[in-house]
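All of the numbers you see were taken from the coordinates with simple rules; none came from a lab. Worth saying up front: this structure is predicted, and the values here are computed from it rather than measured. Using ideal geometry, Cβ is built from the backbone for each residue, glycine included, and neighbour counts are taken over all protein chains shown.
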Amino acid sequence: MFVDSHCHLNFPELRDRIDAIRADMAAAQVDRALVICTTLEEFAEVHALALRFDNFWASAGVHPDNEGIEEPTLERLLALARLPRVVAIGETGLDYFRLNGRSLDDMAWQRERFRTHIRAARETGLPLVIHTRSASADTLSILREEQGGAADGGPGGVFHCFTETADVARAALDMGFLISFSGILTFRNAEDLREVARFVPLDRCLIETDSPYLAPVPYRGKTNSPAYVPHVAAQVAAVKGLDVQTVAEATSRNFERLFKLPQPETAT
Ligand SMILES: [Zn+2]
Ligand SMILES: [Zn+2]
């Protein structure tokens, strides 16, 4: 019924508990998950999860926060993107939150890495999983320059774990991107974000956990898992005045459409 569109099941908090996590997912009616890659070094482990379980898929990409790791070339991303069960490029984008004393000029490497991912997505047609934090203007302008948005004939994709303003959401929607909401939407101080969720059309919404981080209320502060994504769906439903079933179905169909996956047969 539910899909977690963004999780990190290979991270140390989760990797040794996959069987228990899968049992929890089944109990919570979370049928599918997209496991997100953040370094080339971890790609094999992310990919192995998608090869082993037919309701997991993988992305290929390098997170903007990661330094001191192998820098992705276009050729490398293209090679990974062509592997079976790889359905997205990312997570990629810009993160100026922790500059550690550096100027924005010093972050040119991050913008270059982002451009490389957009080019890989354009070439393969795989959608982008975009991470943006304290960097929305540059994120949007680079996406425009590189024609990453579906409205520009690009691959499109999703702005994941959305925490930006309504204006940024509108710009992303105009470019043809989807918006994904995480457990942050359930936090008490997230009223502004709930306003954003109210106006993003349901057929452009995804839900995610970003686990092991950002567990939704009532698990806030604990280790997150895909089994908790129904709490995000419930919050989307609450702000839109819909029932959870409607949100679950719509976000599942959006997930299939964006990542070009078949709609599962209804077994029950
Ligand atoms: Zn992220
Ligand atoms: Zn992530």
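Mean-square fluctuations from a GNM of the chain, with a 10 angstrom spring cutoff on Cα atoms, peak among Tyr219, Tyr228, Tyr96 at Tyr219. Pairs of Cα atoms nearer than 8 Å and 6+ residues apart set the relative contact order; for the chain it is 19 percent. Ranked by the mean number of other Cβ atoms within 10 Å per residue, highest first, peptides 2-9, 137-144 order as 2-9, 137-144. Taking Cα centre as origin and charging only the Cβ of basic (Lys, Arg, +1) and acidic (Asp, Glu, -1) residues, the dipole magnitude of the chain rounds to 380 debye.
Have a look at Glu249, Glu45, Glu145 and tell me which one the Gaussian network model of the chain (Cα, springs below 10 Å) gives the largest fluctuation. Result: Glu145 has the largest fluctuation of those listed. Could you tell me which of rounded, prolate or oblate describes the chain, using a ≥ b ≥ c as the square roots of the eigenvalues of the alpha-carbon gyration tensor, with rounded for a/c under 1.5 and, failing that, prolate when a/b is larger than b/c and oblate otherwise? It is rounded, given that a/c, with a ≥ b ≥ c, falls under 1.5. Which one, Phe43, Ile130, Val3, projects farthest toward the positive side of the charge dipole computed for the chain from Cβ point charges (K/R +1, D/E -1)? Farthest along the dipole direction, towards plus: Val3.
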